[in-house]
Amino acid sequence: GLVGAIERGELERMERDREGMFVAEAAPGGEVVGWLWVALNTNFLTNEPYATFRSLAVTPGPDSADVADRLFEHGIEYARSKGVREMTGKVHVANVSMRVIYRKFGFEAEHLTMKKRLGSR
């Protein structure tokens, strides 16, 4: 199966960004081996368009890195074709393989989310 998950509630948001959803197949019309969801947005302060990598999932296997790279390249070209000059994406700190992909394609860390769990008293 695919590694990755779509959070509950994202399905509704996916409908508005349907054009930015891409699927990789093992062969034309064959088994799905990966997907990418790119959402187009507008910065409310500058009114500039930007794109966000919302979801990337790839079937584990010997070709998974190549599939991920091809999907990422396609997503970047899609954003470029829409006049986007900036792209964002989030990745969990423990997801080393995804962090490697972001770095490979020239993404740089810009924000850090800090988290603390509070126990009950």
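The values are calculated or read from the model by the stated rules, or taken from the named source; none is laboratory data. What you see is a predicted model; the values in this text were computed from it and never measured. Ideal geometry is used to build each Cβ from the backbone, glycine not excepted, and the neighbour counts take in all protein chains shown. Areas reflect the complete protein model, heavy atoms only, side chains present, ligands, DNA and RNA absent. Shrake-Rupley method; radii C 1.70, N 1.55, O 1.52, S 1.80 Å.
For segment 41-59, the set of residues classified as hydroxyl-bearing (Ser, Thr, Tyr) and modelled with pLDDT of 90 or more consists of Thr42, Thr46, Tyr50, Thr52, Thr59, listed by residue number. Cβ-Cβ distances below 7 Å connect the following pairs, each with a first residue in segment 93-121 that is surrounded by 10 or more Cβ atoms within 10 Å (Cβ to Cβ), a second residue that is in a loop (DSSP other than H, G, I, E, B) and aliphatic (A, V, I, L, M), and a separation of six or more residues or different chains: Met98/Val91; Arg99/Val91; Tyr102/Val91. Of all residues in segment 1-22, which are among the aliphatic types (A, V, I, L, M), more than 20 Å from Arg80 (Cβ to Cβ) and either at pLDDT 55 or above or open to solvent by less than 50 Å² (accessible area, probe 1.4 Å) (or both)? Hit for segment 1-22 is Met14, nothing else. Residue count for segment 65-74, restricted to those that are of a type in the set (Gly, Ala, Ser) and either crowded, with 18+ Cβ neighbours inside 10 Å or not in a helix (DSSP H, G or I) (or both): 1. Condition first: assigned to a loop (DSSP other than H, G, I, E, B), at pLDDT below 75, of a type in the set (Asp, Glu) and exposed (fewer than 13 other Cβ atoms within 10 Å of the Cβ). Can you find one or more residues in segment 28-40 that meet it? So far as segment 28-40 goes, no, none of its residues is assigned to a loop (DSSP other than H, G, I, E, B), at pLDDT below 75, of a type in the set (Asp, Glu) and exposed (fewer than 13 other Cβ atoms within 10 Å of the Cβ).
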